[in-house]
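The values are calculated or read from the model by the stated rules, or taken from the named source; none is laboratory data. A quick note: this is a predicted structure, and the numbers were derived from the prediction, not measured. Using ideal geometry, Cβ is built from the backbone for each residue, glycine included, and neighbour counts are taken over all protein chains shown. The protein model used for the area step is the full one, side chains on, heavy atoms only, and it has no ligands, DNA or RNA in it. Shrake-Rupley method; radii C 1.70, N 1.55, O 1.52, S 1.80 Å.
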Amino acid sequence: MQPIIQMTDIQKHFGSVIALAGVTIDFFPGECHCLLGDNGAGKSTFIKTMSGVHKPTHGEIKFEGKPMHFEDPRDSIAAGIATVYQDLAMIPLMSVSRNFFMGNEPIKKIAGIPFFDHDHANEVTMREMRAMGINLRGPDQAVGTLSGGERQTVAIARAVHFGAKVLILDEPTSALGVRQTANVLATVDKVRKQGISVVFITHNVRHAMAVGDRFTVLNRGKTFGTAKKGEITPEELQDMMAGGQELAVLEGSLGGTV
Amino acid sequence: MQPIIQMTDIQKHFGSVIALAGVTIDFFPGECHCLLGDNGAGKSTFIKTMSGVHKPTHGEIKFEGKPMHFEDPRDSIAAGIATVYQDLAMIPLMSVSRNFFMGNEPIKKIAGIPFFDHDHANEVTMREMRAMGINLRGPDQAVGTLSGGERQTVAIARAVHFGAKVLILDEPTSALGVRQTANVLATVDKVRKQGISVVFITHNVRHAMAVGDRFTVLNRGKTFGTAKKGEITPEELQDMMAGGQELAVLEGSLGGTV
Amino acid sequence: QENTDSLTYIMVSHAPDSDSWWNTIKNGIALGGKQMGVTVEYRNPPTGDLADMARIIEQAAASQPDGIITTLADFDVLAGPIRNAVDQGIDVIIINSGTAEQARDVGALMFVGQPEYDAGFAAGVRAKGDGVGSFVCVNHVISNTVVAERCRGFADGLGIELGDSMIDTGQDPAEIKNRVIAYLTANPETDAILTLGPTSADPTILAVQEMGIAGDIYFGTFDLGDEIVKGIKEGIIQWGIDQQPFLQAYLPVVILSNYDRYGVLPGNNINSGPGFVTADALEKVEKYAGEYR
Amino acid sequence: MTDTSTNDERVKEMSGLRRALIRPELGGIVGTIAVFTFFLLFAFDSGMFSPQGVLNWTTVSAQFMIIAVGACLLMIAGEFDLSVGSMIGFAGMMVAIFGVVLAWPMWLAILVTFAICIAFGALNGYIVVKTGLPSFIVTLATLFILRGFTIFIPQTVESKTIIGGIREAAEGDWLGALFGAKIGGPFFQWLGDNGWIGVFTRGNREGQPVVDGIPMLIVWAVVLVVIGHIVLTRTRFGNWIFAAGGDAQAARYAGVPVDRVKILMFMFTAFCATVFAVCQVMEFGSAGADRGILKEFEAIIAVVIGGALLTGGYGSVIGAALGALIFGVVQQGLFFANVESSLFRVFLGVILLLAVILNTYIRRLITGER
Amino acid sequence: MTDTSTNDERVKEMSGLRRALIRPELGGIVGTIAVFTFFLLFAFDSGMFSPQGVLNWTTVSAQFMIIAVGACLLMIAGEFDLSVGSMIGFAGMMVAIFGVVLAWPMWLAILVTFAICIAFGALNGYIVVKTGLPSFIVTLATLFILRGFTIFIPQTVESKTIIGGIREAAEGDWLGALFGAKIGGPFFQWLGDNGWIGVFTRGNREGQPVVDGIPMLIVWAVVLVVIGHIVLTRTRFGNWIFAAGGDAQAARYAGVPVDRVKILMFMFTAFCATVFAVCQVMEFGSAGADRGILKEFEAIIAVVIGGALLTGGYGSVIGAALGALIFGVVQQGLFFANVESSLFRVFLGVILLLAVILNTYIRRLITGER
Ligand SMILES: Nc1ncnc2c1ncn2[C@@H]1O[C@H](COP(=O)(O)OP(=O)(O)OP(=O)(O)O)[C@@H](O)[C@H]1O
Ligand SMILES: Nc1ncnc2c1ncn2[C@@H]1O[C@H](COP(=O)(O)OP(=O)(O)OP(=O)(O)O)[C@@H](O)[C@H]1O
Ligand SMILES: [Mg+2]
Ligand SMILES: [Mg+2]
């Protein structure tokens, strides 16, 4: 099978900071690829080069086999990549449905003039949010009035709705409750089965093991190792994520994995 | 033993939103009390009434047996309560050490005039951060240049350093890597043993089980139940956290707990 | 005659709110109104924007007063609204700026004042007679199109190009003072200083004192004020052009009242200035400077 | 899942009326009602509500509206423009220089002026977007630069700071008429003939009605408000404007071409300022270096009175138009009511404060802002 | 843990020199050098660098510095004050009303003026802090209100808008001297007698040195800059100022009394404006209703040229002082260099733009801002 995205030797420097020192990963359709690693390992930076937020300092991105230069998140969205960023991407003062369709507004032509189709937007928003287990007071509720977890759910629902070929999730479950987390993981599972390529970033070994097909661990801007599902135990994976450094010793019931 | 903080029938309304509908909890010294619950259950709102950010619409707060009215976070800090907020409390443009000591600046008198003791501040900051497993480039590095996890660690280290009697942590590990999480959990453990009362909010059942002595689950602004360590299994706790609603079914290795 | 007991006259000026010179005008109409037993109102565009002034004249006409007293700061802008007022049967007297011909053109009863350009020109001729060959014009309201005409007239009166001898000093006294010093230091051959009102004259007096050239340099100014009068007395300022704003305000009120009541009207325009105030006969001027002078 | 209905016990009830009332324009609507009530009570017989009086404050309000629409959309897009006032002076001066001094045909002079001014707007936007500097600073610089040129150019070419003769130069010009003409003349003549509105009693216009038409200025204001409102609330681009102002970074992540939106809004603001300027020079026939001073504040005040959030992401064009109306009515009304003119500013300041406090309260109700 | 050293392979090296240079004041330092180089080359023999010339631009710069210090600290605390200019006019007028019209002793007049103005500053701050409105709007309202009173009060009590005679009234007053006197007179006389600085060769001051002392204005400027700098960088309160401006919410959570800090900074800004006003009326002997117009912008410009961030949380008093110096030198220098004065604004705009672009670049280097 041909990888949908090939990232080869991606480097990214910010002024004097080297965030990525050369990372090479391929992503395949229908596969959930987990990106793991310590804080500051460069995971977010890496997916931002994939989604056009950053331009890599060095390295090549191939999308469906063709070299791609994303100048802007718009380009990657147009190519079919949807991203949920760690520092979300919501406008607090705007309504949920306007946020949901931001950048992808549905159009209804009246007398040849394209108008924003609010009815359609409201309906879709309510439906998709309900599917994620969140009941909104109404589609015109401002995002700023939602709790952190509810907001994260909006971002995920939006990405799932628009993610045509690739869905990138940067720590999507970090602020979520148990029920919402279960919904997100189930959604990832469903999406993957539809043949979409999912990139999933998390610090939670158990979430990674639950949905991941392959696991790549980054460490200090470099690839630390890749493993397939079933080839690695949670404990081994956790060791890799900590960058090979020993963990603080805990009393209590943390059997092996944090 | 006398509780250090008694919260009785706390209610909090924001305009037409009822965030807390009457919550009663006691906190004891030397105990780690975990607050759990769904997104939007009111956990953050609850601890904010404890730390003086919000004034409760109704209800009583007793600190060391005496009724307390915190008008401002300053008052609670002065009383010995240190808080790590979910939406951190860092100034991106300020250096790490200035952030660390913000509101608690160390003073050195020169000719009777109190000056900010920068040397002392720098030294303490570097030391405390190293103890949490983060090596800073320097104490005058701006917080804005840290990764999300590094930033969260600064907030925790600060609270631990200044938390005289009560330490409140609102989802402190949500953005942390495995190693940092282990450090935080170990720190909570250590702090608790010093006789400090810890309030720990999390969505991660395993983290809660690892350090918690008692668990209170909030649901839709009300207390859903309280349990002692050893009286409850992780699966039961998880069920409570989801508010009694069934979880999405997942394939994969998520044995019971998310 | 209809009811002539309660007459209302509206005065519209082109000056921004804080322009101190217009204060005399305000006092003048107030006194005129009191003496004649008529209601007088004063209006001005807060920022000194002439287009806003046109709206105020339209507004004044809409409130149907018995007469409007206004300046003709820019004929193009103001002629239309003034003509409309006149054609509605409102008597108009033009004061201060504009010319007698323009006043007749818009249908005003008469003109009381001193055309800015002409006043500047007269001052220039006088200065030329005193042997002045170059000058600096200290303009504290560069964006005010009316006042700048004085500098242009002065240059023409001297028979030289205005060139860059008009400096934009802003309104801050320290900046005015120091800019004048800077200019005079950089251009030591300057013969004369022309200031355009108390705002620029007061700091300029300090400037020439500080440079030690007070009395040596030829110094003329428009309009009067406390410090200017003192300067004239001390010989720092050769002359102040007094266009007697008091008359420009007071007389129209009197004339309009009498015209409305008894139908009498002077046969000619009144030149309230330019009167050159010099060191002779300063007593009254001194007493009332800034208030009625 | 048990709670699929949108009824939520955690939300107190809110009456339907209250819900219908709470909208960004509410502050503007309340203010408008209050202002009119006030002047109807205290200045009714001053001529303020005669046809001529109405036309007077309508024209002033329309002026404010034209620049307020631009300022409003720009403010919602998260930026603001302090150079509007200087732009008005500059644009008028350019029309005069091209049309009178260089004697180009007026339509050409106007079109070139529009092109230059919109280019300046684009430059403002480009600098703001590319350097990430606050628009306050960038446009403050433009304020000085444009005003400097507005004084320097006519002084250099004509040694005056005022250039007249524009009306004569625009005689019969089709584009000039689009800005300077009045419409509805025959209708008003008919009204006048029937004695419903006053007519001139003497002079060369004897018998003509005192109000002889609606100036194109007012037409421009209405058209701009309507278009602005529709674009903002009913189109995709409108959503982008809100998004760009609400959080530029988030909008960019979501695929909104934020830079383009902001630059376009700067250009639109420049366009509005130029419309204002051209209407003004066409009506009054001269361009001066003093034109438009402090108009940027008046535009911002109108927009803020109309309920927009200074920091962007929230506001309404209708609100801004009402803000302009309030501003215009108060300004002219105080003259009608014969208030001491130096106190005008005190009133303005107090009204501004009251209006923003009211608007903040309303906004918090709507957005549940914290 | 393996990486306990602060050496990090993920950080490229930066030379010590570069590190030492990169500081908030760098933009101001570079600008100052550039400006002086320019004028030394192009206006050296214009008298700009004679003792008198130096005093000339120093005085103007010192004026800017006094208001820039206040504006700088306030801006770092996250707010700004558009009412500075009106406050200057108002304060001067109050001194004149109390000291001349009511004939109070000058020290009392000055003290009461300070009290009133600082109270207005506190009111500004209180409204901003309590309502959460942007300070732009609140102080814009104050701008209008204070200016209105500054015109209205003297007109009502004295029917003038300029009140003179302050110098005479302040004769021999100790507090008046603290604002209006010159110091170092004998020293300069001595310099003059020895021929090290020029003396007047004619006129009423023949034999006196051309510079006869340093005005208290300059002393005030230096004192305020030094105190402001120390408070900001070396005290606990300074840390609170940064914190309040960087993120008020976060600072509040950390126990910083944000409201108090902001209100105090508004009061300090009012204090600086009053110092400015009192020095001015003492020097010029009169108070006018038009004093201080647009000074708020000049203060903001100086502060921004000096590297502060308009949105708060970042900046330096030394930088602001250098910004004021640059502003003063450029302004006066252009007159010395005989540049067409209406182009002054154009220069100002261009310099402002260049300065902020440079500063933004430097700030990004320092803070690693994204
Ligand atoms: N715009 C930027 N400018 C400077 N440094 C940056 C920038 N973005 C990221 N960095 C640095 O690059 C490194 C990698 O950051 P990144 O956000 O990719 O980490 P991460 O793996 O996502 O960490 P986390 O798990 O905490 O989210 C960090 O040291 C961070 O400080
Ligand atoms: N300032 C506020 N104004 C209005 N509503 C608020 C405010 N703060 C919180 N809420 C509402 O109160 C409810 C409880 O919010 P809170 O942040 O306490 O939840 P939480 O339990 O911390 O959730 P999470 O796990 O997502 O952090 C939510 O519905 C939220 O929308
Ligand atoms: Mg990340
Ligand atoms: Mg929370």
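None of B:64, B:71, B:60 is open to solvent by 40 Å² or more (accessible area, probe 1.4 Å), of a type outside the set (Lys, Arg), at positive phi and touching a residue at least 12 places away in the same chain (Cβ under 8 Å) except B:64. Taking the numbered list (1) open to solvent by 30 Å² or more (accessible area, probe 1.4 Å); (2) free of Cβ contacts under 8 Å to residues at least 60 places away in the same chain in turn, residue A:77 passes all entries but (2). Counted as qualifying within the stretch C:1-87 are the strands (runs of 3 or more DSSP E) with 2 or more residues that are of a type in the set (A, V, I, L, M, F, W, C), namely C:8-12, C:67-71.
Within the stretch D:346-362, if we keep just the residues that are surrounded by fewer than 23 Cβ atoms within 10 Å (Cβ to Cβ) and within 14 Å of chain A (Cβ to nearest Cβ), the residue that is modelled with the highest pLDDT turns out to be D:360. Among residues of the stretch C:216-231 that are under 25 Å from residue C:97 (Cα atoms), those with a beta-carbon under 8 Å from a residue that is open to solvent by less than 30 Å² (accessible area, probe 1.4 Å) and charged (D, E, K, R) at least six positions away or on a different chain give the pairs C:222/C:150; C:223/C:242; C:224/C:242; C:225/C:202; C:227/C:202; C:228/C:202. Within the stretch A:117-134, identify whether any single residue is under 13 Å from the mean Cα position of the chain (by Cα), more than 16 Å from ligand 2 (Cβ to nearest atom) and either within 9 Å of chain B (Cβ to nearest Cβ) or buried (at least 24 other Cβ atoms within 10 Å of the Cβ) (or both), and answer yes or no. No: the stretch A:117-134 contains no residue that is under 13 Å from the mean Cα position of the chain (by Cα), more than 16 Å from ligand 2 (Cβ to nearest atom) and either within 9 Å of chain B (Cβ to nearest Cβ) or buried (at least 24 other Cβ atoms within 10 Å of the Cβ) (or both). Restricting attention to the stretch C:225-253 and to residues that are away from every other protein chain (no Cβ under 11 Å), part of a loop (DSSP other than H, G, I, E, B) and open to solvent by 10 Å² or more (accessible area, probe 1.4 Å), the residue that is nearest to residue C:158 (Cα to Cα) turns out to be C:238.
Checked against (1) out of contact with any Gly (no Cβ under 9 Å at 6 or more places or on another chain); (2) among the hydrophobic types (A, V, I, L, M, F, W, C); (3) on the phi < 0 side of the Ramachandran plot, residue D:141 passes all but condition (1). Identify all residues within the stretch B:179-199 that are of a type in the set (A, V, I, L, M) and either at the interface with chain A (Cβ under 8 Å from one of its Cβ atoms) or not in a helix (DSSP H, G or I) (or both); write none if there are none. B:182, B:185, B:186, B:196, B:198, B:199, listed by residue number.
For the stretch E:286-324, a residue qualifies if it is part of a helix (DSSP H, G or I) and among the acidic types (Asp, Glu), and the qualifying residues are E:296, E:298. All conditions but one from (1) within 8 Å of chain D (Cβ to nearest Cβ); (2) surrounded by fewer than 22 Cβ atoms within 10 Å (Cβ to Cβ); (3) in contact with a Leu (Cβ under 6 Å, 6 or more places away or on another chain) apply to residue C:74; the one that does not is (2). Is it the case, given these coordinates, that residue C:132 is more than 13 Å from chain E (Cβ to nearest Cβ), touching a His at 6+ places or on another chain (Cβ under 9 Å) and either in contact (Cβ under 8 Å) with a residue 40 or more places away in the chain or open to solvent by less than 20 Å² (accessible area, probe 1.4 Å) (or both)? No.
The set of residues in the stretch E:169-200 that are crowded, with 18+ Cβ neighbours inside 10 Å and either among the acidic types (Asp, Glu) or at positive phi (or both) contains only E:173.
With respect to residue B:48, is the statement that it is within 10 Å of ligand 2 (Cβ to nearest atom) and not β-branched (Val, Ile, Thr) true? When the stated conditions are applied, residue B:48 passes them. Cβ-Cβ distances below 7 Å connect the following pairs, each with a first residue in the stretch E:34-46 that is within 17 Å of residue C:188 (Cα to Cα), a second residue that is open to solvent by less than 60 Å² (accessible area, probe 1.4 Å), and a separation of six or more residues or different chains: E:43/E:333; E:43/E:336; E:43/E:337; E:46/C:185; E:46/C:186; E:46/E:336; E:46/E:337. Sort out which residues of the stretch B:149-168 are in contact (Cβ under 8 Å) with a residue 60 or more places away in the chain, out of contact with any Gly (no Cβ under 6 Å at 6 or more places or on another chain) and away from ligand 2 (no atom under 16 Å from the Cβ), and write them in order of number. B:151, B:154, B:156, B:158, B:159, B:160, B:161, B:162, B:163, B:166, B:167 - these are the residues of the stretch B:149-168 that are in contact (Cβ under 8 Å) with a residue 60 or more places away in the chain, out of contact with any Gly (no Cβ under 6 Å at 6 or more places or on another chain) and away from ligand 2 (no atom under 16 Å from the Cβ). Exactly one residue out of A:87, A:38 is more than 16 Å from residue A:168 (Cα to Cα), at pLDDT below 85 and among the charged types (D, E, K, R), and it is A:38.
Within the stretch B:206-221, the set of residues being crowded, with 19+ Cβ neighbours inside 10 Å and within 12 Å of another protein chain (Cβ to nearest Cβ) comprises B:206, B:207, B:208, B:209, B:210, B:211, B:212, B:217, B:218, B:219, B:220, B:221. Can you find a residue that is away from chain B (no Cβ under 14 Å), open to solvent by 10 Å² or more (accessible area, probe 1.4 Å), within 16 Å of ligand 2 (Cβ to nearest atom) and out of contact with any Cys (no Cβ under 8 Å at 6 or more places or on another chain) anywhere in the stretch A:92-103? Within the stretch A:92-103, one or more residues are away from chain B (no Cβ under 14 Å), open to solvent by 10 Å² or more (accessible area, probe 1.4 Å), within 16 Å of ligand 2 (Cβ to nearest atom) and out of contact with any Cys (no Cβ under 8 Å at 6 or more places or on another chain). For the stretch E:91-132, what are the residues that are within 14 Å of chain D (Cβ to nearest Cβ) and open to solvent by 10 Å² or more (accessible area, probe 1.4 Å)? Across the stretch E:91-132, the qualifying residues are E:120, E:123, E:126, E:127, E:129, E:130, E:131, E:132.
Of the residues making up the stretch D:188-208, none is without any contact (Cβ under 8 Å) to a residue 60 or more places away in the chain and within 29 Å of residue D:73 (Cβ to Cβ).
Within the stretch E:145-156, the set of residues being under 16 Å from residue E:291 (Cβ atoms) and either within 7 Å of chain D (Cβ to nearest Cβ) or touching a strand residue (DSSP E or B) at 6+ places or on another chain (Cβ under 7 Å) (or both) comprises E:147, E:148, E:149, E:151, E:152, E:154, E:155. Taking the stretch B:186-205 as the range and being open to solvent by 30 Å² or more (accessible area, probe 1.4 Å), touching a Pro at 6+ places or on another chain (Cβ under 7 Å) and closer than 24 Å to residue A:205 by Cβ as the test, no residue passes.
Residues in the stretch A:223-230: is at least one modelled with pLDDT of 85 or more, among the charged types (D, E, K, R), within 16 Å of ligand 1 (Cβ to nearest atom) and within 20 Å of the chain's Cα centre (by Cα)? Checked against the condition, which is being modelled with pLDDT of 85 or more, among the charged types (D, E, K, R), within 16 Å of ligand 1 (Cβ to nearest atom) and within 20 Å of the chain's Cα centre (by Cα), the stretch A:223-230 yields no hits at all. Considering the conditions (1) open to solvent by 30 Å² or more (accessible area, probe 1.4 Å); (2) within 14 Å of chain B (Cβ to nearest Cβ); (3) under 14 Å from the mean Cα position of the chain (by Cα); (4) away from ligand 2 (no atom under 16 Å from the Cβ), residue A:17 is excluded by exactly one of them, (3).
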